[in-house]
Amino acid sequence: MTSVDARDIAEDLEDVLFTSDQIAERIAQVAAQIDQDYEGREILLVGVLNGAVMVMSDLQRAMRSHVQMDWMAVSSYGAGTQSSGVVRILKDLSQDLKGRHVIVVEDIIDTGLTLSYLMNYLASRGPASLEIMTMFRKPEAARIEVPVKYVGFDIPNSFVVGYGLDYADRYRNLRDVATLKPSIYS
Ligand code: 5GP
């Protein structure tokens, strides 16, 4: 195997919070729940680039329903670890949302500022329904209430990498999710 796992970059990591097996197991449970909730309806999954790439591909393949996908890119974090609260749309959707059953797929909700902005924006485009699935959520960091229907795991308020989540564009390809040693970003 040539993929990155926690052992390859072990010196950069502090704690592994979730292994790839735990993530896969949880994704399967969430996918089954979505299949049940949306029975008979087609779903448009809207992924938020780049972090949601892994969860989007795994979630989709774990589902039995017919799904379409589309992507948005918004700016939130630069190379740092603090939410700026500034949201800018870098890439818009290519599909019409009117009458569609939309689930926004996120990697992580931290302050909620990015998603809150995004939800208002998407709601204004007339979907039949609009829900959120996020792989990780930091309840302690919430600065704005966002109604999230599907959550993979609630995690403590620390900066994590792996499974699509980066630090300075690295570590996205780590299969596990881990905290970084402070020496990496200080
Ligand atoms: P929010 O607006 O909710 O504070 O931030 C959402 C975005 O910030 C996420 O989509 C993600 O890109 C980034 N982010 C928040 N927390 C973390 C974290 O612990 N690790 C990484 N790598 N990115 C994070």
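Quick note: the coordinates plus some simple rules give every number you see, no bench work behind them. Bear in mind that the values here come from a model prediction, so they are computed numbers and not experimental data. Glycine gets a Cβ as well: all are built from the backbone with ideal geometry, and neighbour counts include every protein chain shown.
Ratio of Rg to Rh for the stretch 83-134: 0.96 [Cα atoms; Kirkwood radius as inverse mean 1/r over pairs].
Helices in the chain, meaning DSSP H runs of at least 4 residues, each add -39500 (n - 2.57). Divided by all residues, the mean residue ellipticity at 222 nm is -7000 deg cm²/dmol.
The modelled label-to-label distance between residue 57 and residue 10, using points 7 Å beyond Cα along the C-beta direction, is 2.6 nm. Close amide H contacts of residue 68 (hydrogens built in the peptide plane, cut-off under 5 Å, sequence separation of 5 or more or a different chain): 43, 44, 45.
Cα-based radius of gyration for the chain, normalised by 2.2 N^0.38 Å, reads 1.01.
Estimated at 0.36 nm per residue, the fully extended path between residue 28 and residue 154 surpasses their Cα-Cα distance by 43.7 nm. If both residues of a DSSP beta bridge must be in the chain, then about 30% of such bridges are antiparallel. Just to verify a number: FRET efficiency for residue 123 and residue 168, C-beta to C-beta distance, R0 = 30 Å, to 0.05? Here the calculated transfer efficiency is 0.40. Around the amide H of residue 13, modelled in the peptide plane, lie the amide H atoms of 181, all under 5 Å away and 5 or more residues distant in sequence or on another chain.
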